[in-house]
Amino acid sequence: MVPKGVGAAGARASERKPLSNSSTSKEIVARLFTYGGVLPFLFPLCYRLFTGSSTLLAVDVQNLLMAYSAVIVAFIAGIHWGVFLFRQCSLNLFLHSNIVALLSWLSLLSTLLWGVVILLFCFLYLLWIDTVLVRQQLLEPWFYRLRVRASALALLSLVSYAVIAL
């Protein structure tokens, strides 16, 4: 659980500079990369569904899915690190993002079931932190909506793959 103070350290929401709501090239690029980044979640699931095989060119697609998921969790945790560094935030945001990144690594050392459970927790926990950050105006609302959609697709892919594989 994120303790009090994950977001702003001492600054009231009314005292912080409001975030921009305008659509920019940054927003378009973020959308393209985010939705493009969802494809590697879908590929192992679709491959397993349509071929019945778990290997492609001697590579286990389950390992691809789990490793990619862990990388994305660490990437999102890194975004939180950036928010901590460049906005007025509590040290808790920094600590929690590091703990979640390490948990994603632990998922790679686990069985499929436990690895998926760990990754689901990580994605949901990071999304909850994003909810806190957007309410405190430390994260752009458009980015939060993008994260919700991409996380839903990632979570659905992980759960579906686990159901098919187990």
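Please verify whether Phe41 is aromatic (Phe, Trp, Tyr) and surrounded by 17 or more Cβ atoms within 10 Å (Cβ to Cβ), treating the condition exactly as stated. Write out each step before concluding.
On the way: aromatic (Phe, Trp, Tyr): yes; surrounded by 17 or more Cβ atoms within 10 Å (Cβ to Cβ): yes.
Yes, satisfied.
How many of the residues in the range 84-96 are assigned to a helix (DSSP H, G or I), crowded, with 20+ Cβ neighbours inside 10 Å and at pLDDT below 90?
Number of matching residues: 2.
Give all pairs with beta carbons closer than 7 Å in which a residue from the range 98-115 that is in contact (Cβ under 8 Å) with a residue 12 or more places away in the chain meets a residue that is small (Gly, Ala, Ser) and surrounded by fewer than 18 Cβ atoms within 10 Å (Cβ to Cβ); count only pairs at least 6 apart in sequence or on separate chains.
Short answer, once both residue conditions are applied: Leu108/Ala67; Leu112/Ala165.
Taking Leu119 as meeting all but one of (1) farther than 21 Å from Cys46 by Cβ; (2) within 13 Å of the chain's Cα centre (by Cα), write down the number of the exception.
(1)
Of all residues in the range 53-71, how many are more than 20 Å from Val100 (Cα to Cα) and within 24 Å of the chain's Cα centre (by Cα)?
3
Consider Leu119 carefully, then state whether it is closer than 17 Å to Ala30 by Cβ, aliphatic (A, V, I, L, M) and at pLDDT 95 or above. Before the answer, list the steps.
Working: closer than 17 Å to Ala30 by Cβ: no; aliphatic (A, V, I, L, M): yes; at pLDDT 95 or above: yes.
No; evaluated as a whole, the condition is false for this residue.
Specify the residue that is farthest from Ser151 (Cα to Cα); the eligible residues are those in the range 27-57 that are polar (S, T, N, Q) and in a helix (DSSP H, G or I).
Across the range 27-57, the extreme among qualifying residues is Thr51.
In this structure, does Arg147 turn out to be touching a residue at least 12 places away in the same chain (Cβ under 8 Å) and under 11 Å from the mean Cα position of the chain (by Cα)?
Working: touching a residue at least 12 places away in the same chain (Cβ under 8 Å): yes; under 11 Å from the mean Cα position of the chain (by Cα): yes.
Considered against the rule, which asks whether it is touching a residue at least 12 places away in the same chain (Cβ under 8 Å) and under 11 Å from the mean Cα position of the chain (by Cα), Arg147 comes out as yes.
Does Phe143 qualify as being assigned to a helix (DSSP H, G or I) and farther than 17 Å from Gly37 by Cβ? Give the steps one after another, and end with the answer.
Values: assigned to a helix (DSSP H, G or I): yes; farther than 17 Å from Gly37 by Cβ: no.
Here the answer is no, as Phe143 does not meet what is asked.
Which numbered condition in (1) over 12 Å from Ser69 (Cβ atoms); (2) part of a helix (DSSP H, G or I) is the only one that Ile118 fails?
(1)
The values are calculated or read from the model by the stated rules, or taken from the named source; none is laboratory data. It should be emphasised that the depicted structure is a prediction, and the values quoted were computed from it without experimental measurement. With ideal geometry, Cβ positions are generated from the backbone for all residues, glycine too; neighbour counts draw on all protein chains shown.
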